[in-house]
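Asks: This is the structure I have questions about; it appears just below.
The values are calculated or read from the model by the stated rules, or taken from the named source; none is laboratory data. Given the structure is predicted, the values throughout are model-derived calculations rather than measurements. A quick note on method: Cβ atoms are made from the backbone with ideal geometry, for glycine too, and the neighbour counts reach across all protein chains shown.
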Amino acid sequence: MDKVLENFQHIFQTPFQSNVLVFALILFIILLAPLLFRRIKVPGIIGLILSGVIIGPHGLNLIAKNSAIDLFSTIGLLYIMFLAGLELDLKGFANYKHKSLVFGFFTFIIPFSIGYPVCRYLLEFSFATSFLVSSMFATHTLVTYPIVSRLGISRNEAVGITVGGTMLTDTAVLIILAIISGSVSGELTINFWIKFSISVLLFLAIVLWLIPKLATWFFRNFEGEKNSHFIFVLAMVFLAAFLSELAGLEPIIGAFAAGIALNKLIPHTSSLMNRLEFVGNSLFIPFFLISVGMLINLSVLLKGPHALIIAGTLTIVALIGKYIAAWITSVIFKYSKANRNLIFGLSSSHAAATIAVIMVGFRIGIVDENILNGTIVLILVTCLVASFVTEHSAKKVLIMDKFNDPILPSVRDQKILVPIYNPNNMERLLDLAIAIKNPKNRFPIVSLSVVEDDLEAKQKLVEAKKTLEKAMVHAAAVDQEVEIITTISQNVPSGIKRVATEIFATEIIIGFALKSQFTDILFGNVIKYIVENTSQAVWVCSISPHLSQHKKIVVVCPRYGDREYGFNLWLDRVFRLAKTLKVPLDFLSTPQTFRHVKEYMQSVKIALTIKHIEFTDWNDFMDISPLIHSSDLIIITLPRNGGISYKINQEGIPRLMAKNFENFDFILIYPNEPEENPEMMFTDDFEKGLIDEGLNKLSLKAKILTDVFRKK
């Protein structure tokens, strides 16, 4: 017994001695930290870093900073820089290369010029430290690019030059990093420059000329060896990193160069790219971020004002430098204020390259704990500021630009997916799909049943198929064709998403189910997952079996709803529904939105009776109660988080409808979004706009308090 107790104490002695326990703990952190932090609208990257702080030597000391941690950390760092080079938009740079050169110059030189005297004379850093930290100010990571993509303005010129400038400034910073690293071991003599120049040229020749040719030959001659492709690419990355080290450069420069060299050979939508991103973003990069947190000693920030002054100064200088660069660029090219702020928002966030630069500086001894801790604060603040500014300015750009109708899918391309997980709703959901389906559409309605992968999966598949066969019979009665799909997936939501992508669905019609379980809090329910992880229009329906009994359709549309990418698409379907049911339409919206409703109705030459009722106050949504009757079909359009018409109080509409309108038929429409999926670093963590929802919550609370005081 004593021996068992002794072994137990030995296993859980801190820092943990069991490699299995250490790896298990890290995997649980990688799994749970991003999920939990994203739930509170904090980027997952911050969750991983803070987790490293907690479990590291300066926290609970659960894991020691040993050679194994250093190995995985190095792999993660190289992987970050490799993906940064691999995912650069070289075509986007070519389209705006001249303007990108101008912006790239300013966004590099201005933060550097401001940062160096501040670091050298105000913070009294050494020359090498000042030079390195100042170059770090010049870097930025396009963590907020998914925001502009989601709003459909990724082709905006201001966005294009920012993307191009990113490549230039990050490349310049990495060159400076190489020079500083080389100078640490000796003086910058003529011999150093000669040796450095020759070694760099040889390195670039091998990486940028030989590796692409070798990769082309390998991919052509071993086309069917998909696993070998993955191993080959990784081998080239680490070979380039090693050659970079031989040339007197930092290994991260070799990894970055390897990414650029293989950029054109690995399509962004290929299975190889998917494997590379999956392995990196799932394991190596999170491992690196945790190891960064393990280096941070928060007690340093509490020892005195010096560390806090450094953190605050670094953050302020970084933001000011990027803002001035954006302002000068906007003056030269005569951009609007909204476009200027858009450039600033996209270029002000520091993440991947910043971490890489500071970590190298910390390793070679020219960056201390104060600067390392200050940099983490800088990353957190700049990412939050960038998210808010980008979201706000992108919406301004969209509102100010001339209204352009999005290119809608052809009526012949309409493909409706009806997932069935409650057989009682099957016929009514199919009736709705039939009602909004264009008669000229050549595709059948797709009825889907997803079975979770377990021991009873085969039996469930048989039962699901029998249930869906009833859908075919029901649709045949009105001369409609239904295609049935039964599939196995790890969970229902991911199965629906996968099939929607595979069949190129334009709409997903799903039954309304409001449930609250503990797992929903952490992982989200079916509807929430589908809305947040698909670009198709999602119709969430709580309807009775007989749609034809409705006497009117009431459509509630938010302010600026007409500027959403999918406005015309859902409006087209609602018009068709009204025509099928032969009922009039009431639009509760702003005058501007209703004007576009009438314009679209005229453009498609459809004859309907429509009426406008002005409605703008979503804070008092219950005010619509006197405007609707039990015989009405209520349709509410709810933009996804990040949409131009999105407001935080819209999140409560589903629960409000379930509680106060349970005897009414209603449909919640989440309009479709642009299908472009930009492949930028940390997109999963920042794709929803990091603090916009939090700020909206604060604004809502402030308004409530103001109203209370006014009444008093």
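Asks: Mind telling me which of the residues Ala311, Ala318, Ala351, Ala338 ends up being closer than 23 Å to Val118 by Cβ, among the hydrophobic types (A, V, I, L, M, F, W, C) and at pLDDT 85 or above?
Replies: None of the other options fit; the residue is Ala318.
Asks: Consider Leu608 against the criteria (1) in contact (Cβ under 8 Å) with a residue 60 or more places away in the chain; (2) touching a strand residue (DSSP E or B) at 6+ places or on another chain (Cβ under 8 Å): it satisfies all of them except one. Which criterion is unmet?
Replies: Looking at each condition in turn, Leu608 falls short on (1).
Asks: Tell me yes or no: at least one residue of segment 275-295 is more than 30 Å from Val367 (Cβ to Cβ), in the same structural domain as Leu77 (by TED's automatic domain parsing) and among the basic types (Lys, Arg).
Replies: yes
Asks: What residue, among those in segment 587-608 that are modelled with pLDDT of 85 or more and over 36 Å from the mean Cα position of the chain (by Cα), is surrounded by the most Cβ atoms within 10 Å (Cβ to Cβ)?
Replies: Leu608
Asks: Does any residue of segment 566-578 turn out to be surrounded by 23 or more Cβ atoms within 10 Å (Cβ to Cβ), in a strand (DSSP E or B) and touching a residue at least 24 places away in the same chain (Cβ under 8 Å)?
Replies: no
Asks: Any chance segment 542-553 includes a residue that's under 30 Å from Lys396 (Cα atoms) and surrounded by 17 or more Cβ atoms within 10 Å (Cβ to Cβ)?
Replies: Checking segment 542-553: not a single residue is under 30 Å from Lys396 (Cα atoms) and surrounded by 17 or more Cβ atoms within 10 Å (Cβ to Cβ).
Asks: Could we say that Ile260 is in a helix (DSSP H, G or I) and of a type in the set (Val, Ile, Thr) here?
Replies: Judged against the criteria, Ile260 is a match.
Asks: Okay, moving on. How many of the residues making up segment 35-57 are at pLDDT 80 or above and surrounded by 20 or more Cβ atoms within 10 Å (Cβ to Cβ)?
Replies: 7
Asks: Name every residue in segment 528-551 that is out of contact with any Ser or Thr (no Cβ under 8 Å at 6 or more places or on another chain), in a helix (DSSP H, G or I) and of a type in the set (Ser, Thr, Tyr), in order of residue number.
Replies: Ser548
Asks: Hey, among Ile503, Ile496, Ile488, which residue is among the β-branched types (Val, Ile, Thr) and at pLDDT below 85?
Replies: Going through Ile503, Ile496, Ile488 in turn, the sole match is Ile488.
Asks: Need pairs with beta-carbon distance below 7 Å; first residue in the same structural domain as Lys598 (by TED's automatic domain parsing) and within segment 611-622, second of a type in the set (Lys, Arg) and part of a helix (DSSP H, G or I); sequence gap 6+ or separate chains.
Replies: Asn619/Lys703
Asks: Please name all residue pairs, on different chains or six or more residues apart, with Cβ atoms under 7 Å, provided the first residue is in segment 378-407 and is in the same structural domain as Val357 (by TED's automatic domain parsing) and closer than 14 Å to Gly643 by Cβ and the second residue is at pLDDT below 75 and of a type in the set (D, E, K, R).
Replies: From residues that are in the same structural domain as Val357 (by TED's automatic domain parsing) and closer than 14 Å to Gly643 by Cβ, the pairs are Glu391/Asp692.
Asks: Taking helices (runs of 4 or more DSSP H) that fall entirely within segment 188-248, which contain at least 2 residues that are among the aliphatic types (A, V, I, L, M) and within 35 Å of the chain's Cα centre (by Cα)?
Replies: By residue number, 211-221, 226-246.
Asks: Counting only residues that are among the β-branched types (Val, Ile, Thr) and closer than 21 Å to Phe256 by Cα, which one in segment 64-120 is modelled with the highest pLDDT?
Replies: Thr107
Asks: Let me ask something else about it. Those residues that are within 25 Å of Ile176 (Cβ to Cβ), hydrophobic (A, V, I, L, M, F, W, C) and surrounded by 24 or more Cβ atoms within 10 Å (Cβ to Cβ), I need them from segment 319-350; list them, please.
Replies: Passing the criteria: Ala325, Ala326, Ile343, Phe344, Leu346.
Asks: Just one of the numbered conditions (1) more than 27 Å from the chain's Cα centre (by Cα); (2) outside any loop (DSSP other than H, G, I, E, B); (3) buried (at least 17 other Cβ atoms within 10 Å of the Cβ) is not true of Pro626; which one?
Replies: Of (1) more than 27 Å from the chain's Cα centre (by Cα); (2) outside any loop (DSSP other than H, G, I, E, B); (3) buried (at least 17 other Cβ atoms within 10 Å of the Cβ), only one is false for Pro626: (3).
Asks: Check Ala356 against each of (1) over 25 Å from the mean Cα position of the chain (by Cα); (2) assigned to a helix (DSSP H, G or I) and name the one condition it does not meet.
Replies: Failed condition: (1).
Asks: Here is a follow-up. Can you pull out the residues in segment 550-571 that are touching a Leu at 6+ places or on another chain (Cβ under 7 Å) and modelled with pLDDT under 90?
Replies: His550, Arg563, Asn568, Leu569
Asks: Further question: Any chance you could count how many residues in segment 246-274 are more than 12 Å from Leu86 (Cβ to Cβ) and in contact (Cβ under 8 Å) with a residue 40 or more places away in the chain?
Replies: 10
Asks: Which condition breaks for Val184 when tested against (1) modelled with pLDDT under 70; (2) of a type in the set (Val, Ile, Thr); (3) under 19 Å from Leu86 (Cβ atoms)?
Replies: That leaves (3) as the condition not met.
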